[in-house]
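Scroll down for the structure; my scribbles are underneath it.
Values quoted throughout were computed directly from the atomic coordinates according to the rules given, and no laboratory measurement underlies them. Just so it is clear, the structure is predicted and the values come from calculations on it, not from any experiment. Neighbour counts run over all protein chains shown; Cβ positions are idealised from the backbone, glycine included.
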Amino acid sequence: MAFICSIPPIFGYGIVVLLSGFVFGFPLGFLPVFFGSLSGAFFVFTLGRAFEMRYIKNLVASQKHLLAFTKIIDKKGLKFLILFRLAPYPFNVTNLFLSTTNIPISNFLLATSVSLSRLFIHIYVGSQALSIAELIGYKDRDPQKNPDNEPVPKLTFSKVAPIIFTSSLAIIVFVYTYYLVRKELKLEVTLEESNQLDLDEL
C-alpha cells in the first residue's frame with residue numbers, strides 16, 4: 001500500500017503509515033512502510049526521468065517558486081535535499097517533482113532513505129491508536145470488562161512528545177526552505193534588473 005500511495009495522484013499515504021503502526025506495532029510497522037515508500041519513490045523518480053514528462057517540466061518552468069526550488073536543490077546538493085524531503089510536502093508529489101531536477105539517483109535514494117526515518121513517529125502514533133481513542137472519549141461500558149468503572153487513561157508526555165517533536169521539525173524545515181526560495185527569487189530579480197540595465201546602456 002505504501003508503494004501505491006507513493007505514486008501521484010493517489011492519496012492516503014499518511015493513513016497507510018498510521019495503519020501500519022496500528023497493525024504491526026512499533027517499531028515493526030516501520031519496515032513495510034520504509035521499503036514500500038522507498039521502492040515507490042524510486043519507481044516514480046525513474047519513470048519521470050525515463051519519459052521526460054514535458055508537462056511537469058513546463059509546469060515547473062512556468063512557476064517561479066518551483067523553478068527556484070529546482071535551482072536550490074541543484075546548488076545545495078545532498079544536505080538540502082534531505083531537508084527538503086523532511087519538509088511536510090506531499091511525498092508522492094515530491095517524488096515526481098524531483099525527477100525534473102539534475103540530482104543523481106543515488107542522492108535521491110539516500111536522501112529519501114534518511115528522511116523516511118521520520119516515519120518512526122507516525123508508526124508510534126499508529127501503534128497507540130487504541131489509547132488515543134480512549135483519550136478522546138472512548139470508554140468500554142461493558143461492566144464485565146470494566147467492573148470498577150476505571151477512569152480513562154490520562155494524556156502522558158511520552159505520548160505527546162513525539163507528535164510535538166515531528167510537528168516542530170516540520171515547521172522549522174518548511175520555514176527554512178521557504179526562506180531559501182525567497183532568497184533565490186530575490187537574486188533572480190536582481191540579476192534580471194542588472195541585465196536589463198546593461199542592455200539599456202548598450
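Table for the structure above
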item: Contour minus Cα-Cα distance for Val93 and Lys76 (0.36 nm per residue); result: 4.1 nm
item: Within segment 89-107, backbone nitrogen closer than 11 Å to the virtual label 7 Å beyond the Cα of Arg118 toward Cβ; result: 89-91
item: Inter-centroid distance (Cα atoms) of segment 65-115 relative to segment 15-35, Å; result: 24
item: Inter-site label distance for Ser39 and Tyr178 at 7 Å from Cα along Cβ, in nm; result: 3.7
